[in-house]
Amino acid sequence: MTSNTQATQATQTTQAPADPGPDATAPTLAVAPPAVEDVTTVACVGIGTIGGGWAAYFLARGYRVQAWDPSPEAPARVRELIAAAWPALTELGLADGADPENITVHTDLAEALSGAQFVQESAPEVLEMKQNLLADIDAAAAPGVIIASSTSGYSMSEMAVRAAHPERLVVGHPFNPPYLIPLVEVVGGTASAPDAIEWSSRWYEHLGKSVITMDREVPGFIANRLQEALWREALHMVRNGEATVEQIDRSITDGPGLRWPLQGPMLTFHLAGGNGGMKHMLDHFGPSLKSPWTRLEAPELTDELRDAVVAGCDDEANGRTVPQLVAERDKAIIAIRKVIEDLRTGAGPAGVHSAVDVGGPAGEAQ
Ligand SMILES: NC(=O)c1ccc[n+]([C@@H]2O[C@H](COP(=O)([O-])OP(=O)(O)OC[C@H]3O[C@@H](n4cnc5c(N)ncnc54)[C@H](O)[C@@H]3O)[C@@H](O)[C@H]2O)c1
């Protein structure tokens, strides 16, 4: 793979549908952030599994990284993480001037923030710590610097309460490992400036990420909420002796998981409805949403919900017919299956091996 892969990811940016339009009462940035193309130096605050992964990614994209972490082991750990990630990053395509040594780990937060034009905070998921840390970062970062948090689930509205300039704080939620998984969910809090949210989305796109910009705060954002729902059902099944852990995992890896890299759960069901698509699927199977298949409370399937889901599938299909989507899906599944098979038998291309072998340090399964 080359750096083109990352360019492709950037084109997948998605804006949530509802656009409330300009709001005269919305918070504004006192100082405009730099053009995303002009950023050369970024700060990573907290460099464990996620912050270290972000640091590796920024380095691979050719940025200088200044880091701060209170752990005395952090400098050695982050260097190990970067060294482990570098083969995969090289395989994906390094930016001109990318250098794994272009990182300094500081013992003073203000020193790490000095000259940084963007900050990615990845400290432990403890609300009070995030509140204090974001206030400290805000106090020390230069005006016009946008500060993003990697939080897995806190809203920026609750994290920004102690910051003097909450308008420049946003969530930039990555997935582990941030140097391989393209998705970043961007969302602001009630005090975030729309310009800060918009800048962050452009910045992550510029980095080659697949960005989803959310226009409202949702606990768990989008992907974690979906993952949690699946996980909750899995836990119901294990608890009730309905399926083993291995059966659950194989039901996904050898089943619907093969379709999901190309087509998400909505388009998957659109195709499950045959040529009638999602409309047929909802009319046919909709009532079974209330069946005891799920241990979660299902929403009321109103006409409004049905129509919104059908219209969403039509939008996403963007003129592609069901047979066209089927052909795309099948092509992708064959390619992905081949890669997985090669990996399992040890016959895969070296780059794919290195991407998998380096993985990320063990952590929260995201
Ligand atoms: N692990 C995942 O899969 C994952 C995925 C997405 C988002 N996140 C989020 O990323 C953030 C970091 O998670 P992680 O998994 O990297 O945790 P981690 O425990 O691996 O790393 C946290 C790092 O923060 C440092 N730290 C401790 N106190 C700090 C402070 N006051 N200021 C700055 N740094 C401090 C620790 O020394 C450590 O190096 C969390 O908000 C988490 O929810 C995690």
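Ranking MET214, SER71, ASN275 by how far each Cα lies toward the positive end of the dipole of the chain (charges on Cβ) leaves ASN275 at the top. Taking a ≥ b ≥ c as the square roots of the eigenvalues of the Cα gyration tensor, the stretch 255-358 is classed as prolate, since a/c reaches at least 1.5 and a/b is larger than b/c.
Kirkwood radius and radius of gyration were both taken over the C-alpha atoms of the stretch 3-213, and their ratio Rg/Rh is 0.94.
Here the stretch 3-213 is assigned +1 on the Cβ of each Lys and Arg and -1 on the Cβ of each Asp and Glu. Its dipole about the Cα centre then comes out at about 180 debye.
Farthest towards the positive end of the charge dipole of the chain, among the residues VAL31, VAL322, ILE334, is the Cα of ILE334, using unit charges on the Cβ of Lys, Arg, Asp and Glu. Within the shell of other residues whose beta carbon sits under 14 angstrom from the beta carbon of ILE340, the net charge comes to +1, with Lys and Arg scored +1 and Asp and Glu -1.
The charge dipole of the chain, taken about its Cα centre with unit charges on the Cβ atoms of Lys, Arg (+1), Asp and Glu (-1) only, comes to about 800 debye. Which FRET efficiency value, to the nearest 0.05, do you get for ASP303 and THR107 by plugging their Cβ-Cβ distance into 1/(1 + (r/R0)^6) with R0 = 56 Å? That gives a FRET efficiency of 0.40. With both labels modelled 7 Å from their Cα along Cα-to-Cβ, the ALA24 to GLU198 distance reads 1.8 nm. Charges were assigned to the Cβ only: +1 to each Lys and Arg, -1 to each Asp and Glu. The resulting dipole of the stretch 122-168 about its Cα centre is roughly 80 debye.
According to the calculation over all Cα-Cα pairs in the chain, the P(r) per 10 Å bin from zero is 5, 21, 31, 25, 15, 3, 0 %.
Here the chain carries DSSP beta bridges of which approximately 15% are antiparallel, counting only pairs with both residues inside.
Taking every DSSP beta bridge that has both ends in the stretch 70-222, the antiparallel portion is near 25%. The length gained on full extension between HIS280 and ASP215, counted as 0.36 nm times the residue separation minus their Cα-Cα distance, comes to 20.4 nm.
For the chain, the residue among PRO124, VAL238, PRO178 whose Cα projects farthest onto the positive side of the dipole built from Cβ charges is VAL238.
Specify the inter-centroid distance of the stretch 321-340 and the stretch 111-152, based on alpha-carbon positions, in whole Å. Here the two parts' Cα centres lie 42 Å apart.
Here LYS279 is the anchor, and the aspartates and glutamates within straight C-alpha reach of less than 19 Å, apart from those fewer than 8 places off in the same chain, are GLU300, ASP303, GLU304, ASP307, ASP314, ASP315, GLU316. The peptide list 42-50, 80-88, 268-276, put in order of mean Cβ contacts within 10 Å with the highest first, becomes 42-50, 80-88, 268-276. Counted residue by residue at 0.36 nm each, then reduced by the alpha carbon distance between them, the extension gain from ARG295 to GLU341 reaches 13.2 nm.
Taking other Cβ atoms within 10 Å as a rough exposure proxy, LYS130, LYS331 sort from fewest to most as LYS331, LYS130. Taking GluC sites (Glu not before Pro) across the stretch 208-289, the ones in a DSSP loop with at most 14 further Cβ atoms lying within 10 angstrom of their Cβ are GLU242.
Bear in mind these aren't lab numbers, they're just calculated from the coordinates by the rules spelled out. Computed from a predicted structure; not experimentally measured. Reconstructed Cβ throughout: ideal geometry from the backbone, glycine too, with neighbour counts over all protein chains shown.
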